[in-house]
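Have a look at the structure below, then the notes.
Here, each number is a calculation from the coordinates, and none is a lab measurement. Bear in mind the structure is a predicted one, so any value in this text is a computation, not a measurement. Using ideal geometry, Cβ is built from the backbone for each residue, glycine included, and neighbour counts are taken over all protein chains shown.
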Amino acid sequence: MPELPEVETTCRGIAPHLIGKQVSRVVVRNPALRWRVPKALAAELSGQVVRAVTRRAKYILLTTDAGTAILHLGMSGSLRVVAAAKPPGKSDHVDLVLATGNCLRLRDPRRFGSILWTRQNPLAHKLLADIGPEPLTPEFSRDYLHRVTRGRSRAIRDVLLDARIVAGVGNIYANEALFSAGIRPTRAAGRLNAIECKKLAQAIRATLKRAIRVGGTTLRDYHASDGEPGHFQLTLKVYGRTGDPCRVCQTPIRLARLGQRSAFFCGKCQT
DNA sequence: CTTTTGACCTGACAGC
DNA sequence: TGCTGTCAGGTCAAAA
């Protein structure tokens, strides 16, 4: 479900409820997430004060003096701050109960998400160490994108989904950015010229920033931590619009199957 | 090394 | 109203 804008929106939403607050205990109702929730999470996070809430790629990092909780929402995960007494739903697998009487509640029906714990620098964690640059930093430049795509035969859509190339871009924003840059998702990455890489890098930044500004994309179950849906879905140009008229030229949007995942594009606006 | 495929799960929806 | 098949915002590990 959540890509960079949804994770960023979640971070911003939960941060005021967590920063400077003590985690009094951790309730794990179902530890069987993508990776089994470690015993050390409850043991070492309990009693700690959350110092910072940050994001790296699609991971949320809750920093304390004893270590860092590393959260990932997978495909269907979401975080809400609710009263600790509120009865949990079927998919509410983990609560971080706060001394304030609230709790940070992780809901994840498909259980592709995770909560890990590390005492070390989280950025050096195995899952984070090889992730590429954040797309909203200068490190993700047109020159970088041009350089890393050289000699690659993979479809550019798939390259954008590769976290080692760029962090946080998922299927919605990859497709939307490619439309914005006028590039077909099926194009071999190595065939993009310098001008196209410039357009694409710009399009990725602009698309993500705009999505963050409107609270992300709510297609089915994603909601911000306060329960509000995002609004980016109202302005989607291609994602999920197979057969619908292109918002620029009215040509029906086409669907391509890249691997197991759908890619959407306008056959006229994108080459 | 790069690229592709399979695997992990539940729930919503379309069509019969 | 069921049942079956398809699809979904991610990403790791293994195979090719």
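Label reach from A:Lys39 (point 7 Å along Cα→C-beta): in region A:109-123, amide nitrogens under 17 Å belong to A:116-119. Semi-axis lengths, largest first, of the ellipsoid equivalent to region A:142-266 are 24, 17, 13 Å, with √(5λ) applied to each eigenvalue of the Cα gyration tensor.
The charge dipole of region A:142-266, taken about the Cα centre with unit charges on the Cβ atoms of Lys, Arg (+1) and Asp, Glu (-1), comes to about 620 debye, rounded to the nearest 20. Simple rule: put +1 on each Lys or Arg Cβ and -1 on each Asp or Glu Cβ in chain A, find the dipole, and look at A:Pro252, A:Ala167, A:Ala99; the Cα lying farthest toward the positive end is A:Pro252. Listed by Cβ neighbour count within 10 Å, with the fewest neighbours leading, A:Thr118, A:Thr10 appear as A:Thr118, A:Thr10. Between A:Ile195 and A:Arg25, the contour length at 0.36 nm per residue exceeds the Cα-Cα span by 55.9 nm. For chain A, the longest principal axis of the Cα atoms and the long axis of helix A:4-18 meet at an angle of about 20 degrees.
Taking 0.36 nm per residue of separation and subtracting the Cα-Cα distance, what length does fully extending A:Arg205 through A:Asp143 add? Can you show the working numbers first?
Details: separation 62, 0.36 × 62 = 22.32 nm, distance 1.44 nm.
Taking A:Arg205 through A:Asp143 to full extension adds about 20.9 nm, to one decimal.
Please label the shape of region A:115-174 as rounded, prolate or oblate, based on the square roots a ≥ b ≥ c of the eigenvalues of the alpha-carbon gyration tensor (a/c under 1.5 means rounded; beyond that, a/b larger than b/c means prolate, else oblate).
Numbers: a/c = 2.17, a/b = 1.82, b/c = 1.19.
The shape class here is prolate.
The translational diffusion coefficient of chain A, from Stokes-Einstein at 4 °C and 1.567 mPa s with a Kirkwood hydrodynamic radius over alpha carbon pairs, comes to 67 µm²/s.
Remark on region A:6-58: Rg and Dmax equal 12.5, 29 Å (Cα only). Basic side chains Lys and Arg get +1 at the Cβ, acidic Asp and Glu get -1 at the Cβ, and with that the dipole of chain A about its Cα centre reaches some 720 debye.
With contacts taken as Cα pairs under 8 Å at a separation of at least 6 residues, region A:4-124 carries a relative contact order of 31 percent.
Remark: A:Met1, A:Met75 ranked as A:Met75, A:Met1, counting other beta-carbon atoms within 10 Å and listing the fewest first. Helical runs assigned H by DSSP (4 residues or longer) give chain A a calculated mean residue ellipticity at 222 nm of -7500 deg cm²/dmol, each run adding -39500 (n - 2.57) before division by the residue total. Note on A:Asp162 and A:Arg111: their simple-model spin labels are 3.2 nm apart, each label 7 Å out from Cα toward Cβ. Going from the fewest other Cβ atoms within 10 Å to the most, the residues A:Arg241, A:Arg29 appear in the order A:Arg29, A:Arg241.
Using the Cβ of A:Pro38 as centre and a radius below 12 Å, the other residues enclosed give a net charge of +2, where K and R count +1 and D and E count -1.
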